[in-house]
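Chemist: Once you've had a glance at the structure underneath, I'll fire off some questions.
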Amino acid sequence: MTTRALTEPSPFSPGYGRRPLVFGGHDDELSELSEVFASLDFGESQSVLISGLRGSGKTSMLARLQDAARDEGWLVISDDASAGLMERVMETTIPALLGGLSPDSRARLTGLGIWKLDAQWEYVDRHREIRPLLRRDLVALSEILAEERRPAGILITIDEVSSGKVRLRELSRFALEISHAIGEGANIMVAFAGIKIDLDALVEQEHTTFLRRSRELDFRRLSPTQTRHVLSESIRIGGKTIDEAALDLLVSVSQGYPYLVQLAGDYAWRSSGTNAVISVHDAESAHIRAVAAVERRVISRVYQDLSEKDQEFVAAMAVDEGRSRIADIVDRMGVSAQYVQVYKKRLIGSGYVQSDGHGHVIFSLPYLRDYIRSMSRERVDSPVSDDLENYPPRPVTADDGREA
């Protein structure tokens, strides 16, 4: 058993874009969306908007959908919302998908004048006699799939939606092409993932009306039961066991935040070394390292991205131990209630704060309160000093910097 534990890698995957071994939460939604791939009965799931704060599992959900679609013979177009999305999909992704079609299907596509293929039916170049449009590509592929693989369609997933003006313009054009293809009968499911405030901005664009009827999935923290399942099942599959007290501690440490669940589990696993059982000592070691890592990698960056007034709002919240009253935040910030509501709405849209009953808010991101408090203590108690005052700069003379 010791030899096995020594050679088995960690079953946890805290790195960005890595698929967790055990997916926590949203099982019903995943099952319902996967049913579309088998039946082509789209219902409310023709378009899906997946929102949530960073590290909440949105990218993992997209990956699960992609796997389920491929299992049913669907074609999958997967990308992010960075610059050049339309060009990448039309000039690289779709041509690559052609290779998975039969020679007869590729011959029929060539006959439509949309793609140019060589004698071996390999993609050569786009045929420019017909103006290339994404909608034409998608409709043609959908029609071929209907003939070749029944039932099957095209899944399009776009991650990291951004609300920057330039990005929104391209995303709007991209969404418009998809809506035209759907209108022409193409069997397509499209899923966009991002922070809610960015998805809301996308939906409000001029050419994205169809997205306003999308199915919405809001990714928040896992429940204690779900967290315990992800940790214990991952450890079991990895080939070890865990003390109940250690499992309780990891559940408490991770606070249901999916990225932190993977991070704390990974640290505990590695701390256990060649031992077959993860102990309380391993969980305590993971506690210290995981919280420090999530503060450095996520929370500090989230805080720095906030505007000055957003920072004032969360600082006013950090005074409280639990949820905060909006009336108290108004008093602490010294501004009007209407003014505070603007920043409340924006922070809720960003996913860092959530409503908690009428007139109250609470932090969504674990340890953000502690981070804000620690920053306040550092400003008061720890003046910046790196001992360089003992090494004053050398005075600059008239000869400095002159060539000999």
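Chemist: Which residue, of 332, 325, is more than 20 Å from residue 253 (Cβ to Cβ), modelled with pLDDT of 95 or more, in contact with a His (Cβ under 7 Å, 6 or more places away or on another chain) and in the same structural domain as residue 351 (by TED's automatic domain parsing)? Steps first, please.
Modeler: Values: 332 fails: in contact with a His (Cβ under 7 Å, 6 or more places away or on another chain).
Exactly one residue qualifies, and that residue is 325.
Chemist: Against the definition (in contact with an Asp or Glu (Cβ under 7 Å, 6 or more places away or on another chain), closer than 18 Å to residue 155 by Cα and either assigned by TED's automatic domain parsing to the domain that holds residue 195 or among the polar types (S, T, N, Q) (or both)), how does residue 42 come out, yes or no?
Modeler: Working: in contact with an Asp or Glu (Cβ under 7 Å, 6 or more places away or on another chain): no; closer than 18 Å to residue 155 by Cα: yes; either assigned by TED's automatic domain parsing to the domain that holds residue 195 or among the polar types (S, T, N, Q) (or both): yes.
No, not satisfied.
Chemist: What number of residues within the range 1-28 satisfy the criterion of being surrounded by fewer than 17 Cβ atoms within 10 Å (Cβ to Cβ) and at pLDDT 95 or above?
Modeler: Adding up the residues that qualify gives 0.
Chemist: Continuing with this model, one more query. Residues 216, 204, 143: which one is surrounded by fewer than 18 Cβ atoms within 10 Å (Cβ to Cβ) and modelled with pLDDT under 95?
Modeler: Values: 216 fails: modelled with pLDDT under 95; 143 fails: surrounded by fewer than 18 Cβ atoms within 10 Å (Cβ to Cβ).
Checking each option against the conditions leaves just 204.
Chemist: Right, something else. What pairs can you find where one residue is in the range 228-239 and in contact (Cβ under 8 Å) with a residue 12 or more places away in the chain and farther than 14 Å from residue 258 by Cβ, the other is in a helix (DSSP H, G or I) and hydrophobic (A, V, I, L, M, F, W, C), and their Cβ atoms are less than 8 Å apart, with a gap of 6+ or different chains?
Modeler: Qualifying pairs under 8 Å: 232/247; 235/269; 238/269; 239/5.
Chemist: If residue 379 satisfies every condition in (1) modelled with pLDDT under 90; (2) farther than 30 Å from residue 252 by Cα but one, which is the exception?
Modeler: (2)
Chemist: For the range 229-245, give me each residue that is crowded, with 19+ Cβ neighbours inside 10 Å, part of a helix (DSSP H, G or I) and either more than 26 Å from the chain's Cα centre (by Cα) or charged (D, E, K, R) (or both).
Modeler: Once the filter is applied, which keeps residues that are crowded, with 19+ Cβ neighbours inside 10 Å, part of a helix (DSSP H, G or I) and either more than 26 Å from the chain's Cα centre (by Cα) or charged (D, E, K, R) (or both), the range 229-245 yields nothing.
Chemist: Identify, from the list 212, 221, the residue that is outside any helix (DSSP H, G or I) and basic (Lys, Arg).
Modeler: Values: 212 fails: outside any helix (DSSP H, G or I).
Just a single option satisfies the conditions, and that option is 221.
Chemist: Filter the range 43-60 down to the residues that are touching a residue at least 40 places away in the same chain (Cβ under 8 Å) and either surrounded by fewer than 16 Cβ atoms within 10 Å (Cβ to Cβ) or assigned to a helix (DSSP H, G or I) (or both) and list them by number. Outline the logic, then answer.
Modeler: Looking only at the range 43-60, we keep the residues that are touching a residue at least 40 places away in the same chain (Cβ under 8 Å), and these are 44-60.
Listed by number, the residues that qualify are 44, 58, 59, 60.
Chemist: When both residues are 6+ apart or on different chains and their Cβ atoms are under 7 Å apart, which pairs have a first residue that lies in the range 305-331 and is closer than 14 Å to residue 364 by Cβ, and a second that is modelled with pLDDT of 95 or more and among the polar types (S, T, N, Q)?
Modeler: Pairs found: 317/324.
Chemist: Filter the range 277-319 down to the residues that are at pLDDT 95 or above and part of a loop (DSSP other than H, G, I, E, B), then identify the one that is nearest to residue 246 (Cα to Cα).
Modeler: 279
Chemist: Can you confirm whether residue 248 is closer than 24 Å to residue 299 by Cα and surrounded by fewer than 16 Cβ atoms within 10 Å (Cβ to Cβ)?
Modeler: Working: closer than 24 Å to residue 299 by Cα: yes; surrounded by fewer than 16 Cβ atoms within 10 Å (Cβ to Cβ): yes.
Considered against the rule, which asks whether it is closer than 24 Å to residue 299 by Cα and surrounded by fewer than 16 Cβ atoms within 10 Å (Cβ to Cβ), residue 248 comes out as yes.
Chemist: Within the range 343-352, identify whether any single residue is within 30 Å of residue 235 (Cα to Cα) and surrounded by fewer than 16 Cβ atoms within 10 Å (Cβ to Cβ), and answer yes or no.
Modeler: No - not one qualifying residue is present in the range 343-352.
The values are calculated or read from the model by the stated rules, or taken from the named source; none is laboratory data. A quick note: this is a predicted structure, and the numbers were derived from the prediction, not measured. Counting neighbours? That spans all protein chains shown, and the Cβs are built from the backbone with ideal geometry, glycine included.
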